[in-house]
Structures are given as structure tokens and as C-alpha cells.
1. Using only alpha carbon pairs under 8 Å that are at least six residues apart, calculate the relative contact order of the chain and give it in whole percent.
2. If you rank ILE64, ILE100, ILE25 by fewest surrounding Cβ atoms within 10 Å, what's the result?
3. Given +1 on the Cβ of Lys and Arg, -1 on the Cβ of Asp and Glu, and no further charges, what dipole in debye does the chain carry about its Cα centre, rounded to the nearest 20?
4. Taking other Cβ within 10 Å of each residue's Cβ, how do PHE20, PHE55 sort, fewest first?
Amino acid sequence: MTAATLAVAAPASAASNYIFNSSKIGVGVIHVRDGNYTRGNYDTVLAAGHRTSEFWANAAGYYIGPGYCGYEWTLTGGSWLLTDDSLDPGQHYIPTTQTIQVSAARC
């Protein structure tokens, strides 16, 4: 009788992404899409010129406050592709495999 070999798949690595804030103002960012956010609509403020990868391995979304509008770019093949040029205020969620750049300004 031979011993059976059981193949065990290695656990999948967690997806990683980031949000880059190209605004001149801070943007609210969401770590995990769970509805339980530290500051009500978002977890923390991402300062202008910074990325969520400075403090998280991934991000679930961002928040644009009342009176502000925005633009969103997606990192595709090493280049930023404009994917939304009319973001309304509110929460915007992203897939855990999508890296984006956001820019917000007064409407």
C-alpha cells in the first residue's frame, strides 16, 4: 500500500492596491469596506501628494466632501488612465486589485 499524497494549495496572497491623492487638499480614505469608519464616512484623511500604501497594504475607497467634485484615474499598464472626470461628493469604492489616483477640488 502506498501513502497518498495530499496536495495543499498555498494560501493566496492578499491583493494590494493604493490610492494616490493628487489634490491640493486632503481626501478621506477607507481602509476596509465594512460601514464602520473611524470618521463617519471614511477612516482617515490622506494628505495631498500621499498614497494609502504609506500606512495600509490596501484601500477600499475614498470620500469626497460636500461642495467638492473630483477626477479619478486608474493605473493601467504603468500609466494613469482617466476613468471618471465628474465625481460627485460622497463615498467611492474600489476593488482591492485596482490602484487609483484621485483629485478633488471645489465644484
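Just so it is clear, none of the values below were taken in a lab; they were calculated from the coordinates. Since the model is a prediction, treat every value here as computed from it, not as a measurement. FYI the Cβ positions are ideal-geometry reconstructions off the backbone, even for glycines, and counts take in every protein chain you see.
1. It comes to 32 percent, rounded to a whole number.
2. Ordered by Cβ neighbours within 10 Å, fewest first: ILE25, ILE100, ILE64.
3. The calculated dipole for the chain is roughly 180 debye.
4. Fewest to most other Cβ atoms nearby, the residues stand as PHE55, PHE20.
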